[in-house]
Each structure stands twice: as structure tokens, then as C-alpha cells.
Amino acid sequence: MGTEYLEIPKCPRCGDRHRYKLKVERAIVMKWLIMSDMRERPHRVRITRLFTCPSKNEDFEATFILTDTSSNRIKEVSVLGIASENEQD
Ligand SMILES: [Zn+2]
């Protein structure tokens, strides 16, 4: 748990598709602590991180969307690096 994959369909540096491995830390909030909203309403969280193009070895910034819920909040997202093609979620 904690590893998610992100596909960049068109790299701004080389134009190729890259797949990155992300480490996503989520804070599990106990359901009984949520007073205001008992429903599990998913939020779309916009995250911007630096990625390194493996072909040109240059950094670029990309914004992507992750989903969290009121009891499963995204705390920290870090880019672990490039993921190999056969790596699964
Ligand atoms: Zn690239």
C-alpha cells in the first residue's frame, strides 16, 4: 500500500510517454471523528510535483489529480522515479 502509478502521456521534454511511481501517504481518519460530514465524499486533489525525463535527464513540473475521501486524506506525495512497463498497481 502507498504506491501509486502515474502516466505522463506526453512528456514536455521529449514527447514520449513515461510512467512514474509515486509514494502516497494517506492519513486514515477514524470515521467516528468525522462529525460534520458522515458521507464518504471523494475530493479531487490537485498535486504538482517535479518529474525527471529519463530520456533527456531534465526535470519538468506536472500537475495531476489524486482522489481522497474524508476518512482517507492525502498527506504527502513523493515521486519515487520511473516505473517499468510491467509494474502493476
Ligand atoms: Zn521524456
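All of the numbers you see were taken from the coordinates with simple rules; none came from a lab. Given the structure is predicted, the values throughout are model-derived calculations rather than measurements. Cβ placement follows ideal geometry from the backbone for every residue including glycine, while neighbour counts extend to all protein chains displayed.
Some observations on this one:
- Counting 0.36 nm for each residue step from ARG41 to LYS56 and taking away their Cα separation leaves a gain of 1.4 nm.
- A crude spin-label estimate for the pair SER84 and MET30, with each label 7 Å from Cα along the Cβ direction, gives 4.2 nm.
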